[in-house]
1. Which one, Gln294, Gln65, Gln50, has the greatest fluctuation when you compute a Gaussian network model over the chain with C-alpha springs under 10 angstrom?
2. For the chain, modelled as a Gaussian network with Cα springs under 10 Å, which listed residue fluctuates most, Tyr186, Tyr156, Tyr266?
3. Report Rg(Cα)/(2.2 N^0.38 Å) for the chain, keeping two decimals.
4. Would you calculate the volume per residue, in Å³, of the smallest convex hull containing every Cα atom of the stretch 118-189?
5. Could you work out how far helix 56-66 tilts from the main Cα principal axis of the chain, as a 0 to 90 degree angle to the nearest 10?
6. How large is log10 of I(q)/I(0) for the stretch 175-226 at q = 0.15, 0.20 Å⁻¹ when the intensity is taken from the Debye formula with one equal scatterer per alpha-carbon?
7. Springs between alpha-carbon atoms under 10 Å, Gaussian network over the chain: tell me which of Lys81, Lys23, Lys127 tops the mean-square fluctuations.
8. Could you work out the mean projected area of the convex hull around the alpha carbons of the stretch 191-285, in square nanometres to one decimal?
Amino acid sequence: MSNYLIVGAAGQLGIELMLALQKKHGPERVVLADIRPVDHPDAALSTFVQCDATDKEAMADLVNQARPAEMYMLVAMLSAKGEASHLQAWGLNMDPLLHSLELAREGHVTKVFWPSSIAVFGPDAPKNCTPQNTGLHPTTVYGVSKVSGELWCQYYHQKFGVDVRSLRYPGLIGFRSQPGGGTTDYAVEAFHAALEGRPLNCYLESTESLPMMTMEDAVRATLELMEADGDALSVRTSYNLQGCSFSPAELVAELRTQGVLLDVLYAPDTRQDIAASWPNSLEDDAAHADWGWQAAHDTPGLVRAMLAGLSQPAVG
Ligand code: AKB
């Protein structure tokens, strides 16, 4: 059991974690699994297993084959898409997690990572510097599944000693692939629109501020949490994580400061209601205290990193 298994490897975060784990441990120790192929040339350096993570038998076979020390269970349907098919979202967001926790309980995996989200919070949570511990009353099925998943993680840890670790990711901003089905996706699309010289159709109000983070910071946070001494971890639901926060109007202004013009056509839809129910920023003191978390990118840094990433050749 010395491999690193990424389930949901074809997604936005999966590809980034693949590159980071390949670099750190060698591609031969990374196993990729997804229902669809991983669209990146470096995926060919690691073993790929096609797997439906909602199928318990398929997951057991996968773990038998991959022999993972660490499993990154990333399969999810994000907030906006989840509202269009709530029961499917519930199944996809819960079943693979429960299969992973059971496999870890049975001793087939040493450590599990599972992503939670700012979507665990609802309209009654404090908007600014939202604390680690506050009421969790989300209004989306995605948020409901993340709150439930966090509690399952804590339950398996407390009751069975399963070493499962989790982060409440903000909107993740990366240049290697497009997100899909999220409420924060507009921010990635804004960079593509700006560099292609077309207007952005924005479904949020211009002033709707949300927590965001570069992929680089998110991947580093994930690896730092997974390497941290387990005894130092006081949070076994999921850690708050703050990178930076901006609204569409603030993103446009920062792009302009860095010499890139973007026109925006605002037409708020139901995703605005989701965004309005989420925090503007998070207090992440527990992550600082327990495993030394420190974000590297503020909003200007995020914009610089995205513009630099998107001006590179398509693959890398
Ligand atoms: C979404 O917008 O649904 C995700 C998230 C914040 O978890 N990016």
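1. Greatest mean-square fluctuation among the candidates belongs to Gln65.
2. Of the options given, Tyr266 has the highest mean-square fluctuation.
3. Against the empirical 2.2 N^0.38 Å value, I get 0.95 for the chain.
4. On the way: hull volume 8.7 nm³, N = 72.
Per residue, the Cα convex hull of the stretch 118-189 comes to 120 Å³.
5. 80 degrees
6. -0.52, -0.83
7. Of Lys81, Lys23, Lys127, the most mobile in the Gaussian network model is Lys23.
8. Numbers: hull surface 30.4 nm².
For the stretch 191-285, the mean projected area of the Cα convex hull comes to 7.6 nm².
All of the numbers you see were taken from the coordinates with simple rules; none came from a lab. These numbers come from a predicted model, not from an experiment.
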